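Just so you know, all these numbers are worked out from the coordinates, no wet-lab data involved. Predicted model, so just to flag it, every value in this text is computed and none were measured. Ideal geometry is used to build each Cβ from the backbone, glycine not excepted, and the neighbour counts take in all protein chains shown.
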Amino acid sequence: MSFDPSRPFNDLPPLPPGTEIESKAILRACIGARAAIAELKIAGQLIPNQAVLINSIPLLEAQASSEIENIVTTTDRLFRFANEVGNQADPATKEALRYRTALNRGFNTLTKRPLSTATAIEVCRTIKGVDLDIRATPGTALMNEATGAVIYTPPEGQSLLRDKLSNWERFIHEAEDVDPLIRLAVMHYQFEAIHPFIDGNGRTGRILNLLYLVDKGLLEIPVLYLSRHIIRNKRRYYDLLLAVTADSSWEPWILFMLQAVRETAEWSTAKIRAIRDLLDHTADHLRREAPRIYSRELVEVIFVNPYCRIGDLVSAGIAQRQAASTYLKTLVGLELLEEVKAGRENLYINPALLALLSE
């Protein structure tokens, strides 16, 4: 079967792949990736308030995954508008924030059902902010950004796409003889090749990667910053995806994904430990310099919300508005926070945490 990028790839082979996906090189790489993921899972347990992590690293993932699709915003803008209802953010920031929302919703669905096509649809709908479904109309094609040439035309026909997604589901849940991290690489390729939606497939696929790791118990919360590796190797990422399609070149692709898991797990672990150390240092400083207002909950609020508002302290049950304002101004006086005016309200920024997350 020869691959023609201009024709719908309706002959996309079902899973499992018909070639070797557990070579010695792949199995060796898998050992290192599994060890790094296990260490990340343990590191995530070092911060008892998981909201500190859920509100930080997934936002970095949202930023990077969106940037892969040329939707560019900044860490500062993401955190500023992350918890603002009806915010005035620019369109790129709003779209990146929808990625974070989609990841959280997908994570919450795992308590009700395993990862599935329904999960993918809900995730993509949230990312795009529209009530979409599996592609039903023809005409979707992926182009070379520089030349405009067609490089891939995904399968067509809603019934065919649903059949291929059903096969995808069975593989990720039933191929228990294949290591979950190898299945992760295979499932990510297959989802991108099926390309089930008119738009949002890349971001949906990257969210599904994180949800899969949680679904299989390799992580407790989705804090693997996997898009960091992809955006740093964007051209190679797309070249390797295409090589699987054109030449069934599975080994280089799986090795790339295992390296991505290992390196980003190591990075995420180091970042979590740095967040924990900064949180402990901040708590010690506040306890020493302002013991009358100190509480661990107060410190955690300014880490859950790096752009903190008086209402955040009220909502957390730490203090009423007047006392909450006094607490935040005390933190400003201790140079733990910076106060800035934003319209009619003040924002209290945690500069050390933002600097750490932006490094």
Length gained, Asp247-Val130, 0.36 nm per residue minus C-alpha separation, equals 38.6 nm
Taking r as the C-beta separation of Ala149 and Arg105 and R0 as 35 Å, the FRET efficiency to the nearest 0.05 is 0.45
With DSSP loop assignment and no more than 11 other C-beta atoms within 10 Å, the chymotrypsin sites (Phe, Trp or Tyr not before Pro) in region 1-79 are none
Asn346 and Ser315 label points (each 7 Å along its Cα→Cβ direction) are spaced in nm at 2.0
The long-range amide H neighbours of Ile198, using H built 1.01 Å from N in the peptide plane and a cut-off of under 5 Å, are Arg135
For Glu339 and Asp280, extending 7 Å from Cα along the Cα-Cβ vector and measuring point to point gives, in nm, a value of 3.2
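Which value, in debye to the nearest 20, describes the size of the charge dipole of region 24-263 about its Cα centre when Lys and Arg Cβ atoms bear +1, Asp and Glu Cβ atoms bear -1, and nothing else is charged?
Dipole about the Cα centre, nearest 20: 360 debye.
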Unit-weight point scatterers at every alpha-carbon of the chain, Debye formula, q = 0.08, 0.14 1/Å: log10 I(q)/I(0) is -0.43, -1.14
Across the chain, qualifying lysine pairs (alpha carbons under 24 Å, at least 8 places apart or different chains) come out at 16
Once phi for every residue in region 320-330 is put through the Karplus expression 6.51 cos²θ - 1.76 cosθ + 1.60 (θ = phi - 60°), the whole-Hz ³J(HN,Hα) values, with Gly and Pro written as x, are 6, 4, 5, 5, 4, 4, 4, 4, 5, 5, 5
Calculated from DSSP helices alone, with each H run of at least 4 adding -39500 (n - 2.57) and the total divided by the residues of the chain, [θ]222 nm to the nearest 500 comes to -19500 deg cm²/dmol
Assertion target for Arg28, Arg77, ordered by fewest C-beta neighbours within 10 angstrom first, is Arg28, Arg77
Expected sort for 338-349, 176-187 on mean C-beta neighbours within 10 Å, highest first, is 176-187, 338-349
Note: Asp163 to Leu356 extended length (0.36 nm per residue) minus current alpha-carbon separation gives 65.0 nm
Counting only DSSP loop positions in region 236-308, the trypsin sites (Lys or Arg not before Pro) whose Cβ has at most 12 other Cβ atoms within 10 Å are Arg292
So for R0 = 25 Å, FRET eff. of Ala35-His173 from the Cβ-Cβ r, to 0.05, ends up at 0.55
Listing Glu169, Glu122 by rising number of other beta-carbon atoms within 10 angstrom, fewest first, gives Glu122, Glu169
Mean-square fluctuation maximum in Gaussian network of the chain, Cα pairs under 10 Å, restricted to Ala120, Ala246, Ala193, hits Ala246
